[in-house]
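Notes follow the structure.
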Amino acid sequence: MPPLPQPVSDASRAEGSPSFSPLYRQIKGLIITGLQAGEWKAGEAIPSELELAARFGVSQGTVRKAIDELAAESVLVRRQGKGTFVATHAEQKIQYRFLRLVPDEGSESLGRQLLDCKRQRAPAWIARQLQMRAGDAMVEVRRLLHSKGQPVVLDDIWLPGTLFKGLTAERLEQHRGPFYGLFEAEFGVHMIRAQEKIRAVVADAESAGLLQVPVGTPLLSVERLSFTYGDKPVELRRGLYHTASHYYRNELN
């Protein structure tokens with residue numbers, strides 16, 4: 001693994017200039033560069049603050065501030081007495097952090113039913129969001145999520161074909177955890193953030209049949225674009241949520 005570039009000190013840039021970046025932000029960027037390059041994989045420990053400080057020629061406090069920000073963004077996870085690790089969707093605490101559907105009472109794990117997984121050519125509207133060209137290979141996945149035997153979410157998922165070569169219905173069926181855990185473990189694609197568009201819709205004939213509700217039932221449409229390191233979009237997902245006994249939870253801070 002070639003050495004990462006060294007940060008530019010704060011003193012070498014005029015504060016207030018367009019190119020100015022605090023030193024800890026530069027260190028944060030260098031750590032992300034290492035993650036992008038696969039130097040530290042999901043679930044693995046990164047070097048200690050002292051080691052990173054020596055590597056980059058900065059203070060331990062500067063490194064700590066960079067790591068604090070990455071931990072707040074769930075890119076890294078601190079473990080008391082053990083060190084700092086690359087976050088993974090295989091961890092119980094964060095494996096469902098992008099799924100915000102919560103039952104009105106109690107808690108539950110949603111069951112999963114795979115409906116389809118096939119390779120397609122990306123239409124223009126999907127290609128545009130995934131920064132692909134229209135007609136490029138993509139993988140299209142459709143599934144249902146169940147609560148107590150009743151379908152509550154219909155998910156359509158689109159993935160760049162070049163990143164997910166070999167993804168099949170069989171591999172999805174065999175994987176017991178969340179899809180994102182499979183994506184990072186077998187394909188090296190780690191989802192670190194997402195943006196969503198949410199709107200109220202009504203069930204058409206197809207979605208009503210799959211969700212086992214009458215045509216015209218109110219549903220919540222959640223369109224999610226997920227990104228990996230470097231703000232590269234790597235998944236587009238559209239979910240139809242039946243919220244008769246569930247609600248969508250969002251935490252703001």
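Results, tabulated for the structure shown:
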{"item": "Estimated 222 nm signal from helices in the chain, with DSSP H stretches of n ≥ 4 weighted -39500 (n - 2.57), rounded to 500", "result": "-7000 deg cm²/dmol"}
{"item": "Taking the convex hull of Cα positions in the range 144-253, its mean projected area over all directions (nm²)", "result": "8.3"}
{"item": "Positive-end residue of HIS146, ILE198, GLN120, charge dipole of the chain with Cβ unit charges", "result": "GLN120"}
{"item": "Shape category assigned to the range 173-223 from the gyration tensor of Cα positions, a/c cut at 1.5", "result": "oblate"}
{"item": "For the range 111-187, accessible area per residue (1.4 Å probe, heavy atoms of protein chains only), Å²", "result": "49"}
{"item": "Global form of the range 51-172, assessed from the alpha-carbon gyration tensor, a/c cut-off 1.5", "result": "oblate"}
{"item": "Dipole magnitude (debye, nearest 20) for the range 178-253, charges at Cβ of Lys, Arg, Asp, Glu", "result": "180"}
{"item": "Heavy-atom surface of the range 205-253, accessible at 1.4 Å and reported per residue (Å²)", "result": "50"}
{"item": "Gyration tensor verdict on the chain (Cα atoms; rounded if a/c is under 1.5, prolate if a/b is larger than b/c, oblate otherwise)", "result": "prolate"}
{"item": "Over the range 110-151, volume per residue of the alpha carbon convex hull, in Å³", "result": "72"}
{"item": "Charged-residue dipole, Cβ positions (Lys, Arg, Asp, Glu), the chain about Cα centre, Debye nearest 20", "result": "220"}
{"item": "Electrostatic dipole magnitude of the range 86-205 [Cβ: Lys, Arg +1; Asp, Glu -1; Cα centre; debye, to 20]", "result": "360"}
{"item": "For ILE46, residues with placed amide H under 5 Å, excluding near neighbours", "result": "THR84, PHE85, VAL86"}
{"item": "Accessible surface of the range 56-155, 1.4 Å probe, proportion on carbon and sulfur as whole %", "result": "45"}
{"item": "J(HN,Hα) series, the range 218-226, from Karplus relation 6.51 cos²θ - 1.76 cosθ + 1.60, nearest Hz, glycine and proline x", "result": "x, 10, 9, 9, 10, 9, 10, 10, 9"}
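The values are calculated or read from the model by the stated rules, or taken from the named source; none is laboratory data. None of these values were measured; they are calculated from a predicted model. All Cβ positions, even for glycine, are placed from backbone atoms using ideal geometry, and neighbour counts span all protein chains on display. Please note that ligands, DNA and RNA were not included when accessible areas were found on the heavy atoms of the full protein model with its side chains. Shrake-Rupley method; radii C 1.70, N 1.55, O 1.52, S 1.80 Å.
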